[in-house]
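> Here it is, the structure in full.
The values are calculated or read from the model by the stated rules, or taken from the named source; none is laboratory data. Remember, it's a predicted structure, so these values are computed and weren't measured experimentally. Glycine also receives a Cβ, built like all others from the backbone with ideal geometry; neighbour counts cover every protein chain displayed.
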Amino acid sequence: MDPNEDVDDGLDHSSPNQPPPIRPAVCIPSATLLRMRLTFCSATAVVFASEKKIDRLDRRLGEVLGLIQELKIDRQLRGTSQAAFAGSQPSTTSSPMPSSSIAIKPKTSTILGVAGGSSLAAHSAFANDFMHHIANSDSLQSSGSEMSDTLGTLSNVVASLREQMVVNEMTYPHARPIQRPSLVGSELPPIQKAVELIRIAKNQNLVGTGLIYQFIAIRDFSDICLQVYFSDVFSETDFIIVNAGLHSLFEDYSHRVSGDERLIFLENARLCRSNLETSLNNLPFHMPTTSDTVTALLFGAWHAIELSKPYLAWSLSAKAAELCQTLGYHRWPSTDRGEDAKFANFLFWTNYFVDKSLSLRLGRASMIPDWDITTRRPNATDPHTEPVWAYFALWTETARCQGNIYELLYSPEAIVQPQHVRQSRTEILANSMQILEQATQDTHKRWIQVAMDNSGKDLMDFFATSDEILRLSLLTLIHRANLQPAGSLTTFSPACIEAAKATLLRHQDCLAIIQRSKEDFLPLYVHWTLLFAPFVPFIVVFCRIIETKDKTDLACLGTFVASIQPAADASEAAAKLHRLFQVLHNVASRYVALKSLDSEQPGVNQEMDMFLNFLCMPPPGEAVGGDQHGQGFTHDLSGNINTSMAGSSVGHVDAQSEGIVLNPIMRMGHGVQLEEWLYNNQALMESFQTFSNDFPAEE
């Protein structure tokens, strides 16, 4: 074979004026193709150099065959994942555009895996560098070409070990490709309406909580839309990204119009939502390791949070975290300022935001530990050009605090720590919240007016106030973990009670903003503030009322319950939250009323004390602390609540032998049984039916 002969790349180059055919399922990555050419030419050149090196020729030809085999597997993998879309075009209500006018870049899932410092590849690289350092010394300079050839072989082996193709790892050798579910015929909103909303959003005249508003500032969303609307071949991830983005835009803009026009926008939003959820529901377990896949998964996780489905959001976020780590986004060099680096940084820290927030909400260990991150965290003081990125940095920092609250205060490891350790951690986290508050105020001074000019005063006031409520709620949760001294007659520390009351007062300010605004922010507020993290201020004030019978605090709870009632229809989770707080308020009202009566009612008081015990609360006035450390409530495997003495020490109970599951947070003692109630509120809600209809009194 002539060594100068070009390798056939499978593309037709006969007509340079025509665009290459669209074949993403079989396209060969240019970097891999270049490696094939260089390796093949180097191998054939050796033949003409010396017959003594035929063994090297065989080895390098073997490398070529290996690359060809990798390409074959890559074709099969991507062909399977995109077969559902090949040759299909979704129907739209807009006029079609010739598909030849849309330039589509073929995508590849042939990504190099990023191995950590403990891997064999990392240690082999050290050995290679060490040997090269020795070889460069004076004693080996005259060893000739034999040593150079040997070192070259070592370098090639180490490089091949480090540059392990993910596509090889993510395939099964005996698997048979099957047809993926097809989305052929999926209807899309009119392209004219979509383009109009994209233009409005890019001008920052339309904002919301959707991920699209950050994405649109760093990626050309219009190009992806055109690809999905008019091309014959588009990826599953692009379909998800487009429908997730358009769903947010149509939903948010529907609040700005009225009448029939509003109904049209809502109908288009529902159409995109149906497409989005259908495609997410049919995602495969093994997906291409690309930035587009990460983007689609994060859009899906964001949508699940807006639906208040945290477990679904966690599943999508966890998969995105796996891909981010495979792509090395958590190790991206801070010196790289290219567009790809910026987008990778945006994807990773968005994933971080979702992961840390859900970690606290669900009580699970984060999938992205802070100690494994080397890329620089966004900072509000960075030289931003748009307010969205300054506030994005604040949201990231808030998420970091959420992850730390779970890890340092509420994880199984944290719960068993001695008092002085918990006290120290509480102080550190409370201080971090103060630093975050100061950073927020500094950011407002720099960017809030710009954001108001672009998006409106009511919207930015709502965002600023709801974010402050979230921070106060987190501060309450931090102080909640701080134990009261043994023998104390109060369950919560003064700092915890103060933070809880401040949260409920700020809630009223947020309601005033919602009421004066023409847009319905209440469902948004419930999902992204009250449900986004455990909202314990209500619980803290409730317990305080039981202890003090304070009617002012009781009225505050009543106002809160009434204020969130209109949002109960927004989702099942919102309805449960409202019902939960409503029952607690009714219990507190009944209890205060009974205790205020100066008459003997032993039967009623006994019934109320029994109900409070059922709520896992100690009788009012009973000392909390060391004496109660061994006292708690347990639940069996089905989630039923059993009131019992857990023994002299909860930590010494053999839960497995007793056939029960102890909530580990009870080990903190001194009235932390409240959390046991919170974790099992569904079982308790069902048990409310065992009481008479007028107990607790419904208002």
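> When the range 396-418 is examined, which residues are found to be out of contact with any Pro (no Cβ under 9 Å at 6 or more places or on another chain) and over 17 Å from Pro369 (Cβ atoms)?
Thr398, Gln417, Pro418, listed by residue number.
> Taking the range 360-383, which residues are over 18 Å from His330 (Cα atoms) and either aromatic (Phe, Trp, Tyr) or in contact (Cβ under 8 Å) with a residue 24 or more places away in the chain (or both)?
Initially, the range 360-383 is screened for residues over 18 Å from His330 (Cα atoms), giving 360-364, 380-383.
The answer is Leu360, Arg361, Leu362, Gly363, Arg364, Ala380, Thr381.
> Among Thr476, Thr491, which is buried (at least 21 other Cβ atoms within 10 Å of the Cβ), in contact with a strand residue (DSSP E or B) (Cβ under 9 Å, 6 or more places away or on another chain) and under 29 Å from Arg425 (Cβ atoms)?
It is Thr491.
> Every residue in the range 355-374 that is hydroxyl-bearing (Ser, Thr, Tyr), part of a helix (DSSP H, G or I) and more than 9 Å from Tyr406 (Cα to Cα), please.
Across the range 355-374, the qualifying residue is only Ser357.
> Restricted to the range 502-550, and to residues that are out of contact with any Phe, Trp or Tyr (no Cβ under 8 Å at 6 or more places or on another chain) and basic (Lys, Arg), which residue is modelled with the highest pLDDT?
The selected residue is Arg506.
Residues checked against (1) among the acidic types (Asp, Glu); (2) surrounded by fewer than 17 Cβ atoms within 10 Å (Cβ to Cβ):
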residue: Ala318; (1), (2): no, no
residue: Gly328; (1), (2): no, no
residue: Ala341; (1), (2): no, yes
residue: Phe346; (1), (2): no, no
residue: Thr350; (1), (2): no, no
residue: Asp355; (1), (2): yes, no
residue: Leu358; (1), (2): no, no
residue: Leu362; (1), (2): no, yes
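> If you don't mind, another one. Which one of these is in contact (Cβ under 8 Å) with a residue 40 or more places away in the chain, of a type outside the set (Lys, Arg) and more than 20 Å from Thr503 (Cβ to Cβ): Val526, Val587, Val540?
Val587
> Name the residue, out of Asp442, Asp453, Asp461, that is at pLDDT below 90, in a helix (DSSP H, G or I) and over 21 Å from the mean Cα position of the chain (by Cα).
Details: Asp442 fails: at pLDDT below 90; Asp461 fails: at pLDDT below 90.
Checking each option against the conditions leaves just Asp453.
> How about the range 343-376: which of its residues are over 25 Å from Ala304 (Cα atoms) and not β-branched (Val, Ile, Thr)?
Of everything in the range 343-376, those that are over 25 Å from Ala304 (Cα atoms) and not β-branched (Val, Ile, Thr) turn out to be Trp371, Asp372, Arg376.
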